[in-house]
């Protein structure tokens, strides 16, 4: 029989684990996570990248305009150029997880 996959942690579970591990209360931990996320968003928007040491790097890039097809009708459509957000996993994280 196949082994059931573990469920991903919820935000509340993450906050509970981090609060206990670091000796903080849950409110402080939640505020820290919110401010860290805010820092990531602002710096990535400002500098086009944000490095999370040991985890990876958020980077922005651009896609070119291209032609595509509407799968329902088969009609050819133009897909405009756009800015995209990517996360590049650090080698240390890959080695640790895989």
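Once the chain from residue 73 to residue 47 is taken as fully extended at 0.36 nm per residue, the excess over their C-alpha distance is 5.3 nm. From most to least packed by mean Cβ count within 10 Å, the peptides 37-43, 14-20 give 14-20, 37-43. Among the listed values [x] 13.7, 46; [y] 29.6, 91; [z] 19.6, 59, the one computed from these coordinates for Rg and Dmax of the Cα atoms in Å is [z].
Per DSSP H run of n ≥ 4, the term is -39500 (n - 2.57); total these for the chain, divide by its residue number, and report the mean residue ellipticity at 222 nm rounded to 500 deg cm²/dmol.
Here the helix-only value at 222 nm equals -13500 deg cm²/dmol.
With the cut-off at 1.5 for a/c, could you classify the range 48-98 from its C-alpha gyration tensor as rounded, prolate or oblate? Since a/c reaches 1.5 but b/c is at least a/b, the shape of the range 48-98 is classed as oblate.
Exposure proxy shown here: for 50, 87, 32, the number of other Cβ atoms within 10 Å sets the order, fewest to most, as 87, 32, 50. Can you tell me the orientation of helix 11-22 relative to the chain, as the angle in degrees between its alpha-carbon axis and the longest Cα principal axis, to the nearest 10? For 11-22 against the chain, the angle is about 40 degrees.
Readers should treat all values here as calculations from the given coordinates under stated rules, not as data from a laboratory. Bear in mind that the values here come from a model prediction, so they are computed numbers and not experimental data. All Cβ positions, glycine included, derive from the backbone under ideal geometry; neighbour counts span all protein chains shown.
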